[in-house]
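Some notes on the structure that comes next.
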Amino acid sequence: MIAQESLKLGIKASRNATLALAFLALVKGAVGIYSGSTVLIADAVHTGLDIFASLAVWIGLKISLKSSGKHFPYGYYKAENIIALFVSLLILFSGFELLKEGFTGVNTTSQTEFQGLALVTAVFSVLTIYGLSIYKRNIGTRINSQSLIADAMHSYTDVFSSMIVVVAVLGSMLGISKLDSFGTIVISLLIFKMGFESARDSMLTLMDAWLDEEESERIKKDIRNIPGLIKLEDLKLRKSGLVVFGEATVEVEGETDLKKVELLSEEVKTAVRKEVENLEHIVVNVRPVQRNNFRLALPVFDMNGFQAKLSGHLGKTPYFLFVDLEEGRVGNWEVFENQFFNSDKKGGMKAVDLIIREKANALAVKTVGEGPYYMLRDNFVKILQIPDGVDTAREVLDRFQNFEEITTPMK
């Protein structure tokens, strides 16, 4: 879901929540006045104040929807984070108010005349506010809206406030007026915890902190697995409202042409989008460097390791020898059978597929056809030409750094 669609969905959800709260406040206020329930009137006032929280989220998301302007080239997305911080402070204030009620007790005694009606209204309030909190949380999670999630948490705290009203009315009906005090104190402490965590996340986001380290590590892993990249030097991500901006710095081999650089940049962007749904923009900085570490593929006739005889045909070779070279030093090596060396059709392409799967970034061959050449080039595999007189894998390893690169297909 793109950012604009997400914002519109969030605006709709906050608007619906605002209207629902306004209706609920009117019902509770009317029943409270009619029944003489002071605690229900107080709860109606509390719900009336909550309207401003939902209204603030609504306004914040509407502002975020505005197109970028002269003074806001990155858009107005952070308005959503500012509103999230405001709502978090309301959550903390709600916790403080509940804590006061817990210590002072709720006065729900002799004033209530229509206790049954007051009880039904209080229960209806609990169910409605709980439904609103679930609705806002689901939409907020779906579109990754920090302010809508914070408002959902705020509504969730109001569920406990309304439950206190239910307990107070029941206590009045049973002649017990202080049942809610201990529970209110415990609940208020939980609300303080929720409000503090929400405020902390909002402030960190406003300071461009990236909070999801696991997601960041997954993105880095995906980028490092892109063929053609030598190294991921740096990845920076920052959230702004619903959207994410980023910057990645990668290293590629110095001879890489502009077209390959563009392809690599798109691969990096795709890797980030795979994990970040609302990616607004990412800058990919490409640094050309000299490659020092290679995984070299060699077509050979047998499995005799470095003594293996070289094959002159890429698609018809029975085996491939893969050798890891670090700073020119020979490291691990392994031999794979070419299961398609007897294939009459596209044997070379199938051989290249094996080379790519084994993550080789260099291939030494005597000749290479047009199809395999372009497939290797598009996957950033460096193609080196084995000169005449070089017949074994050992000779290639001793001299490959002096081999010329094949830059056009060979017939």
Legend entry - Qualifying position, being in contact with a Leu (Cβ under 8 Å, 6 or more places away or on another chain) and more than 28 Å from Met203 (Cα to Cα), among Asn304, Asn293, Asn332, Asn278: Asn293
Inset, instruction - Say whether the condition of being open to solvent by less than 80 Å² (accessible area, probe 1.4 Å), in contact with a Pro (Cβ under 8 Å, 6 or more places away or on another chain), among the β-branched types (Val, Ile, Thr) and part of a loop (DSSP other than H, G, I, E, B) is met by at least one residue in the range 246-263. - result: yes
Inset, instruction - Please determine, by comparing only the residues of the range 265-307 that are in contact with a helix residue (DSSP H, G or I) (Cβ under 8 Å, 6 or more places away or on another chain) and assigned to a loop (DSSP other than H, G, I, E, B), which one is nearest to Ala248 (Cα to Cα). - result: Val276
Legend entry - Some residue of the range 113-134 being under 23 Å from Leu206 (Cβ atoms), modelled with pLDDT of 70 or more and open to solvent by 10 Å² or more (accessible area, probe 1.4 Å): no
Legend entry - Residues (more than 12 Å from the chain's Cα centre (by Cα) and in a strand (DSSP E or B)) located in the range 201-245: Leu229, Ile230, Lys231, Leu232, Glu233, Asp234, Leu235, Lys236, Ser240
Inset, instruction - For the range 221-231, name all the residues that are open to solvent by 30 Å² or more (accessible area, probe 1.4 Å) and either more than 20 Å from Val283 (Cα to Cα) or in contact with a Leu (Cβ under 6 Å, 6 or more places away or on another chain) (or both). - result: Arg224
Inset, instruction - Run Asn332 past the list (1) under 23 Å from Asp391 (Cβ atoms); (2) modelled with pLDDT of 90 or more; (3) in contact with an Asp or Glu (Cβ under 8 Å, 6 or more places away or on another chain) and report the number of the one that doesn't hold. - result: (1)
Inset, instruction - Run down Glu214, Glu233 and say which single residue is modelled with pLDDT of 80 or more and within 17 Å of Lys274 (Cα to Cα). - result: Glu214
Inset, instruction - Give just the number: which of (1) modelled with pLDDT under 75; (2) in a helix (DSSP H, G or I) does Gly75 not satisfy? - result: (2)
Inset, instruction - Take Phe301 and decide whether it is in contact (Cβ under 8 Å) with a residue 60 or more places away in the chain and among the aromatic types (Phe, Trp, Tyr). - result: no
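The values are calculated or read from the model by the stated rules, or taken from the named source; none is laboratory data. None of the values given here were measured: they were computed from a predicted structure. So basically every Cβ, Gly included, is an ideal-geometry build from the backbone, and we count neighbours across all protein chains shown. Note: areas computed on protein heavy atoms with side chains; ligands, DNA, RNA excluded. Shrake-Rupley method; radii C 1.70, N 1.55, O 1.52, S 1.80 Å.
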